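The values are calculated or read from the model by the stated rules, or taken from the named source; none is laboratory data. Keep in mind that this is a model prediction, so the values were computed, not measured. Note: ideal-geometry Cβ built from the backbone for every residue, glycine included; neighbour counts use all protein chains shown.
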Amino acid sequence: MATWTFRIGLLAVLVALLSACCFGGGAAATETLPVEEMYAQANKSMRAGNNERAIRFYRRLVSRFPIGAYAEESELELGYAQYQNRDYEEALSQVNRFIRQYPTHRHIDYAFYLRGLINFEREAGLLERYIKPDATRRDQGFARQAFQDFGELVQRYPQSRYAADARQRMISLRNDLAQSELNVASFYFRRGAYVAAQSRARTIIETYQETPQAGEALAIMAESYQRLGEDQLADDVRSVLALNYPDHPYLRGDWPARGNRWWQLVPFIGESRARGG
């Protein structure tokens, strides 16, 4: 028994030594490696998906060597490693710090892009990381911030290699934000709160008029005005709807009858959903 215990203990020591050799010595390495090797080890860890180790090396590199190109690059890479590790609050703080400290850095456009990515993928809570609810029914604060971040990148650096992707993400975000507003307008409409319904629908027309949700928003506005007895306003909105969406079901009279209680329990989800009694 003693022999086996000795062998197991020896094996554990050998594994520990091997790990130290393969992965750079852990905490001790961050105190002894030169800056070039620390940066290389951090990048190697990040490429391997070991974000925790990469974060540790980047942080210590900046602490030991706060001035110079390696420190600047590490500040930005640290933000990316934290983003990859889903440490969104820390990543956002790190990227904002980098933007303040190095506004003329050669990769400053990437910093703005990364800030947008962080807000683009942030979740409202831990549970949502696993159940993935409809993004348009969550609080849209992060989406609005991401839209603003990507917009700032496109405005400041229109020729950036990241600008094209930022524009595509802005289109997706704009559609999600419009759908979120449409969900709220529909909620009010189903409950007979027509003033609130037309107000939220108007927000879509004024802010997200080029989105697929604009036609449905006009329909909600027209019907809300109709039910409020504002016939002239209803006619005006119907005219706009006919001009821009001549095939909309509302204009064909395909919407359910006003007294249809079953329909009032079903949310609007856009023109693709069949309507009728």
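General remarks:
- Tally of residues being of a type in the set (Val, Ile, Thr) and buried (at least 20 other Cβ atoms within 10 Å of the Cβ) across the range 206-230: 2
- Checking every residue in the range 139-150 against the condition of being farther than 30 Å from HIS107 by Cα, of a type outside the set (A, V, I, L, M) and in a helix (DSSP H, G or I) gives zero matches.
- Among the residues listed as ASP109, ASP176, the single one being assigned to a helix (DSSP H, G or I), surrounded by 12 or more Cβ atoms within 10 Å (Cβ to Cβ), at pLDDT 95 or above and of a type in the set (D, E, K, R): ASP109
- Restricting the search to helices (runs of 4 or more DSSP H) fully inside the range 201-260 and requiring at least 3 residues that are among the β-branched types (Val, Ile, Thr) and free of Cβ contacts under 8 Å to residues at least 24 places away in the same chain gives an empty result.
- The listed residue being among the charged types (D, E, K, R), assigned to a helix (DSSP H, G or I), under 27 Å from GLN155 (Cα atoms) and within 17 Å of the chain's Cα centre (by Cα), out of ARG97, ARG115: ARG115
- In the set (1) surrounded by 15 or more Cβ atoms within 10 Å (Cβ to Cβ); (2) at pLDDT 50 or above; (3) in contact with a helix residue (DSSP H, G or I) (Cβ under 8 Å, 6 or more places away or on another chain), PHE268 fails one condition alone, (2).
- When GLN168, GLN159, GLN213, GLN155 are checked against the criterion of being within 24 Å of the chain's Cα centre (by Cα) and at pLDDT below 95, a single residue qualifies: GLN213.
- Candidates in the range 11-65 are the residues that are out of contact with any Asp or Glu (no Cβ under 8 Å at 6 or more places or on another chain) and of a type in the set (Ser, Thr, Tyr); of these, the one that is modelled with the lowest pLDDT is SER19.
- Residue match in the range 58-66 (condition: within 26 Å of the chain's Cα centre (by Cα) and either more than 20 Å from LEU117 (Cβ to Cβ) or among the aromatic types (Phe, Trp, Tyr) (or both)): yes
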